[in-house]
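Colleague: First the structure, then my questions, so here it is.
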Amino acid sequence: MSDVLEGSARPTDKVGRVLYKLAAGLALFGSFVIGAMAVVIAINVTGRAAFNVSLTGIIDLIELGTGTAVFAFLPYCQLMRENVIVDFILTKAPTRAKTICDAFGSVIFIALGVLITMQLRQGGMDMYRYKESFTTIGFPRWISFPYAVLCMSLLVVVCVYTLGRSIAETRANKFFDESLNAPGPDMHGEH
């Protein structure tokens with residue numbers, strides 16, 4: 001299904017193309033972070049098995065990398081209609097019902113995104129103020145928070161964009177790309 005969406009959900013208007021470039025670049029960065037984490041974990045596991053030596057702060061590094069990657073993927077997933085999908089319920093629903101559900105999902109994501117962004121901002125400021133750091137590596141915890149706030153802010157902007165897109169689709173009673181409404185391969189990969 002994501003093959004169908006990759007080509008069809010990609011925005012074609014000017015604002016959507018800019019958001020797509022930002023979100024895709026961020027997601028690509030998140031992919032590199034996951035790759036780097038895989039390498040670090042492999043080195044650590046090999047070192048422990050072969051030499052009984054472990055990397056200092058591996059848990060802290062994985063925590064930092066996981067948070068970095070997760071925040072990087074959120075805007076792209078929302079823009080490509082992959083964050084909130086309930087296909088098995090809406091498969092036979094009319095287009096208007098699907099676009100209304102998309103709009104409702106965007107409203108929920110906007111509210112959650114704003115709330116999480118505000119809490120991340122406050123949490124980062126508190127960690128900076130109290131000089132909190134990772135226990136084993138001594139790296140300051142606050143330093144990852146501006147990045148998380150930036151990613152969440154982009155997610156909120158993307159959610160506002162997808163809300164507008166869904167409202168326009170509801171008014172037109174069609175997806176701007178009808179391939180989103182076309183039957184595709186079923187969930188088991190059969191054609």
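Colleague: Here are the criteria: (1) touching a Phe, Trp or Tyr at 6+ places or on another chain (Cβ under 8 Å); (2) within 21 Å of Ile62 (Cβ to Cβ); (3) touching a residue at least 24 places away in the same chain (Cβ under 8 Å). Tell me which single one Lys98 does not satisfy.
Modeller: It is condition (2) that Lys98 fails.
Colleague: Here is a check on your reading of the model: is Met118 closer than 30 Å to Thr170 by Cβ and in contact with a Gly (Cβ under 6 Å, 6 or more places away or on another chain)?
Modeller: no
Colleague: Here's a follow-up. What number goes with the only condition from (1) within 24 Å of the chain's Cα centre (by Cα); (2) under 24 Å from Pro140 (Cβ atoms); (3) not hydroxyl-bearing (Ser, Thr, Tyr) that Lys21 does not pass?
Modeller: (2)
Colleague: Continuing with the same structure: Hey, could you check segment 152-191 for residues that are among the polar types (S, T, N, Q) and farther than 26 Å from Leu22 by Cβ and say which is modelled with the highest pLDDT?
Modeller: So, considering only residues that are among the polar types (S, T, N, Q) and farther than 26 Å from Leu22 by Cβ, the one modelled with the highest pLDDT is Asn173.
Colleague: Can you tell me which residues in segment 134-152 are in contact (Cβ under 8 Å) with a residue 60 or more places away in the chain, under 28 Å from Leu79 (Cβ atoms) and of a type outside the set (Phe, Trp, Tyr)?
Modeller: Ser144, Ala148, Cys151, Met152
Colleague: How many residues does segment 64-90 hold that are more than 25 Å from Leu19 (Cα to Cα) and free of Cβ contacts under 8 Å to residues at least 40 places away in the same chain?
Modeller: Residues in segment 64-90 being more than 25 Å from Leu19 (Cα to Cα) and free of Cβ contacts under 8 Å to residues at least 40 places away in the same chain: 2 in total.
The values are calculated or read from the model by the stated rules, or taken from the named source; none is laboratory data. All values reported here derive from a predicted model rather than from experimental measurement. No Cβ is skipped: glycine too gets one built from the backbone with ideal geometry, and neighbour counts run over all protein chains shown.
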